[in-house]
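A short write-up of the structure that comes next.
Rule-based calculations on the coordinates, nothing more; no lab input. What you are looking at is a predicted structure, and each value in this text was computed from that prediction instead of being measured. Positions of Cβ are backbone-derived with ideal geometry, glycine not excepted, and every protein chain shown enters the neighbour counts.
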Amino acid sequence: MFKEIKKDFPIFKRKINGQKLVYLDNAATTQKPQIVIDTLKDFYEHHNANIHRGIYRLSEEATELYETAREKVRKFIEAKETEEIIFTRGTTESINLVAYAWGRQNIEKGDEIIVTEMEHHSNLVPWQVLAKEKEATLKFIPIDNEGHLQITGLDSLLSKKTKLLALTHVSNVLGVVNPLKEIITKAHSNGTRVLVDGAQAVPYLPVDVSELDCDFYAFSGHKMLGPTGIGVLYGKKELLEAMPPFMSGGDMIEEVTKERTTWNDLPAKFEAGTMPIAQAVGLGAAIDYLNDVGLENIWQHEQTIITYALEKIKAVPGIKIYGPLEPKDKGGILSFNIGEIHPHDLASIFDEAGVAIRAGHHCAQVLLNRLGTQATARASFYLYNDQADVDKLVEVINKAKELLP
Ligand code: 7TS
């Protein structure tokens, strides 16, 4: 099944420097299948109008398509109610929404917020800003040398003052899948709310927010074959209902007078202004595509590729791999350095060979400091990558070693 998948993605017809494109930067963003591109085109060609306002045919169609996309998202992550699905611009906005709307209402002086040492800046900086503003304290769950969270110490980190634990489902640098269920159970028994950054998990792990029982779950459409500019915040209904709006303006109101405004019901209360309508519809098409392939199959594929990649790359002399050396509980993300070669130099050699990888701190400077490095090279795999892509990666690593000894 996976052999044919590249054909669904028009970008793979492109040549880079006369070579076949090998795209290994999926943790940053994924390529788009024809069906997502066609859905966007179809929306603009046939159904484009603003939603929830007009009582004419086009607006009704656009509204219907937008709300159908919301229902697809609900089903995809197994939320109980459609109102619990808020569309945003992406993970960053989803987390900021919670930090501003829930955080400013619930965090007080002296409270504590727990994050982990492996967070993307999106799930760290908003909490740092909130903690500073409210004179609250930020605490970190440490990682061990292989990049696993040291959750045995969680009990001693949790206190009566811990209002929130915010952590990533899968690390964007190490690929580690965190034991969410165990962590959420512990946090809840302490009366602590849990926000999960699912940006790197939803694309290839079957996620069931009801089963996980997390309070908030954030992710981005563009990392799961969907368009840029659309993301999701899942929140438990009772929490979302109790929260004030994040942004205010059109569409999120019930009634406005000169003196006061009452808020619209969920989910509109959190969707101020004209939303990325076509992008939401495109995300719905991406979800249909992922469901057709099957999330379980995608996760298996991811495991096959990372197992193969680890095996091949471990054999390269002088390579330093960050994160677990075994594929268990690891998504398709591989961070590495080769001797003293700067990852940016490495990325340029890769580019010449038509291979797109990432180099830098991956917006996780706290993690990189903990790992004792400023930057790494990172290859991240998705459903259209195959063993030939891994072979090419290793071939170019060996070439780079010759060019930059
Ligand atoms: N959280 C995690 C775990 C991420 O990996 C990213 C983006 C974000 C949040 C932010 O997502 P956004 O869609 O709001 O930008 N990660 C990366 C990356 O690893 N390389 O480029 C972007």
Be a star and scan region 328-353 for residues whose amide nitrogen sits under 15 Å from the point 7 Å along the Cα-to-Cβ vector of residue 28. 334-336, 343-353
Taking R0 as 56 Å and r as the Cβ-Cβ distance between residue 344 and residue 260, the FRET efficiency 1/(1 + (r/R0)^6), rounded to the nearest 0.05, comes to 0.55
For region 193-302, listing GluC sites (Glu not before Pro) in a DSSP loop whose Cβ sees at most 15 other Cβ atoms within 10 Å gives 259
Given the candidates 332, 187, 276, the one whose Cα lies deepest towards the positive end of the charge dipole of the chain, counting +1 at each Lys or Arg C-beta and -1 at each Asp or Glu C-beta, is 332
Suppose each label sits 7 Å from its Cα in the direction of the beta carbon; what would the residue 253-residue 42 distance come out to in nanometres? 3.6 nm
What size of dipole, in debye to the nearest 20, comes out for region 238-368 about its Cα centre when the only charges are +1 on Lys and Arg C-beta atoms and -1 on Asp and Glu C-beta atoms? 560 debye
Extension gain from residue 3 to residue 55, taking 0.36 nm per residue of separation minus the Cα-Cα distance: 14.1 nm
Rg/Rh for region 2-95, where both radii come from Cα atoms and Rh is the Kirkwood radius: 1.06
Highest GNM mean-square fluctuation among 382, 56, 204, for the chain with Cα springs under 10 Å, belongs to 56
Loop-resident trypsin sites (Lys or Arg not before Pro) in region 73-172 with no more than 12 other Cβ atoms inside 10 Å, DSSP not H/G/I/E/B, are 80, 109, 160
With bins 5 Å wide starting at 0, give me the P(r) of region 37-291 over every alpha carbon pair, in whole percents. 1, 6, 13, 17, 19, 16, 12, 8, 5, 3, 1, 0
Given the options 38, 213, 386, state which has the largest fluctuation in a GNM of the chain using a 10 Å cut-off (strictly under) for Cα springs. 38
Sorted from fewest to most neighbouring beta carbons within 10 Å, what does the list 308, 234, 289 look like? 308, 289, 234
